[in-house]
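A quick write-up on the structure given underneath.
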Amino acid sequence: MKTLATMMAAVAALWTGAAFAQDGTSAWSLFHAGDTRAAAPMDAGKAVFQNRCTACHGEGPDKPGTNALQAKYNGAKPALLEARTDLAPQLVKFFVRNGVSVMPPFRKTELNDTELDALAAYLSHQAPKAARKSRR
Ligand code: HEC
């Protein structure tokens, strides 16, 4: 019963977290005013990223993904995937389904297509914006 109570608390926390995440991205939604479909997948995609990817692609010293991308691009591109402005959805999906180096492939039983779509939308949302701006 204690386990059940803990689980219920976790579920409640997740719901609360989702509500906050929605608030956090409202500025982004305003920027893309009119595109009301975008907000929900963005939140879902961010949640998937935090659950499945940040262990390796988060910030900090012991993140094999971030470290490997720092070595690969040597600063030419951000080591953090969330800071990238060049990730196309198809590229994200390719790496997630196929894996690379120590990154494992994620099967559909681990990460379904809906979750992957949301994840790819989240990681690529900065790409078109960057293409329009062309700073540097
Ligand atoms: C076990 C650690 C690990 C996990 C978990 C992981 N990755 Fe990776 N990922 C890596 C490493 C390491 C590389 C770089 C490999 C290389 O090219 O040297 C990488 C590379 C990538 C690349 C290629 C980037 C580029 O420019 O070459 C993408 C995209 C990517 N990961 C997305 C993800 C996503 C999305 C998730 C979550 C679903 C994820 N990864 C989970 C370790 C991980």
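Here are a few things to note about the model shown:
- Residues of segment 54-77 classified as near the ligand (Cβ under 8 Å from one of its atoms) and touching a Leu at 6+ places or on another chain (Cβ under 7 Å), total: 1
- Residue within segment 87-94 that is farther than 18 Å from Arg52 by Cα and either assigned to a loop (DSSP other than H, G, I, E, B) or touching a strand residue (DSSP E or B) at 6+ places or on another chain (Cβ under 9 Å) (or both) present: yes
- Against the test of being within 20 Å of Leu116 (Cα to Cα) and modelled with pLDDT under 95, the options Thr54, Thr16, Thr6, Thr25 yield a single qualifying residue, Thr25.
- Looking only at residues of segment 92-114 that are near the ligand (Cβ under 7 Å from one of its atoms) and without any contact (Cβ under 8 Å) to a residue 12 or more places away in the chain, we find that the one that is farthest from Gln126 (Cα to Cα) is Pro104.
- Selection of segment 95-114 for residues being part of a loop (DSSP other than H, G, I, E, B) and within 14 Å of Cys53 (Cβ to Cβ) yields Gly99, Val102, Pro104, Pro105, Phe106, Glu110, Leu111.
- Test result for Leu80, under 14 Å from the mean Cα position of the chain (by Cα), more than 8 Å from the ligand (Cβ to nearest atom) and closer than 27 Å to Asp113 by Cβ: yes
The values are calculated or read from the model by the stated rules, or taken from the named source; none is laboratory data. This is a predicted model, so every value here is computed, not measured. All Cβ positions, glycine included, derive from the backbone under ideal geometry; neighbour counts span all protein chains shown.
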